[in-house]
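Engineer: Below you'll find the structure I mean.
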Amino acid sequence: MYQPSQNRYENFEYKRCGRSGLKLPPVSLGLWYNFGGYDVFENCRKMIHRAFDLGITHFDLANNYGPPPGSAEENFGKILKQDLKSYRDELIISTKAGWQMWDGPYGDLGSRKYLVASLDQSLKRMGLDYVDIFYHHRPDYDTPLEETMGALDYIVKSGKALYVGISQYKPEETKRAVEILKAMGTPLLIHQPNYNMFDRWIENELLQLLSDEGIGCIVFSPLAQGLLTDKYLKGIPADSRAGKEHIQFFNADKVTEEVLKKVKKLNDIAANRNQSLAQMAISWVLRQPAVTSALIGASKVSQIEEAVNSLHNLNFSNDELTEIQKIISS
């Protein structure tokens, strides 16, 4: 019988999500990969246990996470039932819909039909009555935004989700989504964009917009899908994302000599901070006041422990930030 650590809430402070009443851990665990049907279930279970023991209360999923699609939610549901059922009210569980999930015209994008049906399926897979946060996973330019946001409003008012969010929406789309939801009486809680040292698009306008509107921000891929770690400094390991054939979203061609030169220089800065490169990369995204939480992935328990330990050193000197900027801009 799993018994969580009694000291699980002593590792860090929880940060308020925008101007809402909800607080999130500074590091959250995403189940995008390594928690699906192709993975070892007991390893998935150990990672979730350890995350909760360390104070990570937020677990982020989506309908298509696995692989195969849906299997991450199924595995998470089993772990909830076996080990965490009595701790449900201590957890923030999120899921999403927006990418293709089933055949035909109603299994993708942003229609009311798809979003409501997908959430119903997700709840069944996880054995839940509701999720804490439900996201539209990506913009849909063929469906009126009023319909998509109306679906999110319905989902909250029907009790299937406590809060709603969006992911990968650009600033203008985000602003319009905020306005539509506000008029319906369902505030937009949170935005989930990608953000890391190599991809800084949210710094232009989005972070300021989220701050002005009182919306939380949880960033995914803070490690640039593993590039901002030391794992590729000596080639491509077989167990890495770039080395797994069934992971199609990661292009191994990204691991170029030019990129690796930058990674090595960034690794040197991290060493001088007494951090691993992965830890520095997490600290770097969390330096932004508008960023509520960094969403990490993991394939083993030690990676979760390493991420939480990054919170011991979140401050950067001006010289460090200048040098990092110089490296990533070169």
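Since every read-out is calculated from the coordinates, none of them should be taken as a lab result. Note that the structure is a prediction, hence the values are computed from the model and not measured. Note that we place each Cβ from the backbone using ideal geometry, even for glycine, and neighbour counts take in every protein chain shown.
Engineer: For the pair Lys81 and Glu257, how long in nm is the line joining their label points, each one 7 Å along Cα→Cβ?
Structural biologist: That separation, rounded to one decimal, is 5.4 nm.
Engineer: What do you get for the angle between helix 145-157 and the principal long axis of the chain? Use alpha-carbon atoms, 0 to 90 degrees, nearest ten.
Structural biologist: 80 degrees
Engineer: Given Cα pairs under 8 Å that are at least 6 residues apart, what percent is the relative contact order of the stretch 15-329? Don't skip to the end; give the middle numbers.
Structural biologist: Numbers: 556 pairs, mean separation 59.4, N = 315.
Here the relative contact order equals 19 percent.
Engineer: Report the net charge of residues surrounding Gly127, where surrounding means a beta-carbon distance below 11 angstrom and charges are Lys +1, Arg +1, Asp -1, Glu -1. Each step should come with its number before you reach the end.
Structural biologist: Details: positive: Lys78, Lys81, Lys85, Arg88, Lys124, Arg125; negative: Glu73, Glu74, Asp129.
Within the 11 Å Cβ shell, the charges total +3.
Engineer: Using 7 Å Cα-to-Cβ label points, what is the Glu146/Lys265 separation (nm, one decimal)?
Structural biologist: In this crude label model, Glu146 to Lys265 measures out at 5.1 nm.
Engineer: Which order do Trp99, Trp201, Trp32 fall in if you start with the one that has the fewest other Cβ atoms within 10 Å? Present the calculation step by step, with values, prior to reporting the outcome.
Structural biologist: Details: Trp99 16, Trp201 12, Trp32 23.
So the ranking, lowest neighbour count to highest, is Trp201, Trp99, Trp32.
Engineer: What ranking of Tyr141, Tyr114, Tyr2 emerges when the number of other C-beta atoms within 10 Å of each C-beta is taken as an exposure proxy, fewest first?
Structural biologist: Values: Tyr141 9, Tyr114 24, Tyr2 13.
In increasing order of surrounding Cβ atoms, one gets Tyr141, Tyr2, Tyr114.
Engineer: Here is a follow-up. Rank Phe41, Gly104, Ser28 by how far each Cα sits towards the positive end of the charge dipole of the stretch 1-117 (+1 on Lys, Arg Cβ; -1 on Asp, Glu Cβ) and give me just the farthest.
Structural biologist: Going by the charge dipole, the pick is Ser28.
Engineer: Also, quick follow-up: Excluding residues fewer than 8 places away in the same chain, name every one of the lysines whose C-alpha is closer than 23 Å to that of Lys96.
Structural biologist: Lys15, Lys23, Lys78, Lys81, Lys85, Lys113, Lys124, Lys157, Lys160, Lys170, Lys175, Lys182
Engineer: So what are the ³J(HN,Hα) numbers for the stretch 210-218, from phi and the Karplus equation (6.51, -1.76, 1.60; θ = phi - 60°), rounded to whole Hz, Gly and Pro as x?
Structural biologist: My calculation for the stretch 210-218 gives 4, 5, 4, 8, x, 10, x, 9, 10 Hz in order.
Engineer: Rank the residues Leu61, Leu260 as a footprinting-exposure proxy: fewest other Cβ atoms within 10 Å of their Cβ go first.
Structural biologist: Values: Leu61 26, Leu260 16.
The order, fewest Cβ neighbours first, is Leu260, Leu61.
Engineer: Where does the charge balance sit around Lys81 when Lys and Arg score +1, Asp and Glu -1, over other residues with C-beta under 12 Å from its C-beta?
Structural biologist: Numbers: positive: Arg45, Lys78, Lys85, Arg88, Arg125; negative: Glu74, Asp83.
So the surrounding residues net to +3.
Engineer: Have a look at the DSSP beta bridges in the chain and tell me what percent are antiparallel, nearest 5.
Structural biologist: Values: 3 of 31 bridges.
Taking every DSSP beta bridge with both residues in the chain, the antiparallel ones total about 10 percent.
Engineer: Sticking with this structure for a sec: Just to check I understand the Karplus step: with θ = phi - 60° and J = 6.51 cos²θ - 1.76 cosθ + 1.60, what whole-Hz values come out for the stretch 317-323, glycine and proline as x?
Structural biologist: 6, 4, 5, 5, 5, 5, 5
Engineer: Rounded to the nearest 20 Debye, what is the dipole magnitude of the chain about its Cα centre when Lys and Arg each give +1 and Asp and Glu each give -1 at the C-beta?
Structural biologist: 440 debye
Engineer: Could you please tell me the mean projected area of the C-alpha convex hull for the chain, averaged over all directions and given in square nanometres to one decimal?
Structural biologist: On the way: hull surface 65.3 nm².
The number I arrive at for the chain is 16.3 nm².
Engineer: Continuing with the same structure: How many angstrom separate the Cα center of the stretch 288-330 from the Cα center of the stretch 137-180?
Structural biologist: 29 Å
Engineer: Nearest 10 degrees is fine. How inclined is helix 41-53 to the longest principal axis of the chain, computing both from alpha carbons?
Structural biologist: 80 degrees
Engineer: Would you kindly derive the ³J(HN,Hα) couplings of the stretch 70-87 from the backbone phi angles with the Karplus curve 6.51 cos²θ - 1.76 cosθ + 1.60 (θ = phi - 60°), listing them in order in whole Hz, with x for Gly and Pro?
Structural biologist: x, 6, 5, 5, 5, 5, 4, x, 5, 5, 4, 5, 6, 10, 10, 4, 6, 10
Engineer: Compute the distance in nm between two label points, each set 7 Å from the Cα along the Cα-to-Cβ direction, one at Gln325 and one at Asp212.
Structural biologist: Output for this residue pair reads 2.2 nm.
Engineer: On a full-extension model of 0.36 nm per residue, what is the gain between Glu179 and Lys157, subtracting their alpha-carbon distance, rounded to one decimal in nm? Display every interim value, and only then the final one.
Structural biologist: Details: separation 22, 0.36 × 22 = 7.92 nm, distance 1.76 nm.
Going from the current span to full extension adds 6.2 nm.
Engineer: Report, in deg cm²/dmol and to the nearest 500, the calculated mean residue ellipticity at 222 nm for the chain, where each DSSP H run with n ≥ 4 adds -39500 (n - 2.57) and the sum is divided by the residue count.
Structural biologist: Values: 10 runs with 119 residues, N = 330.
Here the helix-only value at 222 nm equals -11000 deg cm²/dmol.
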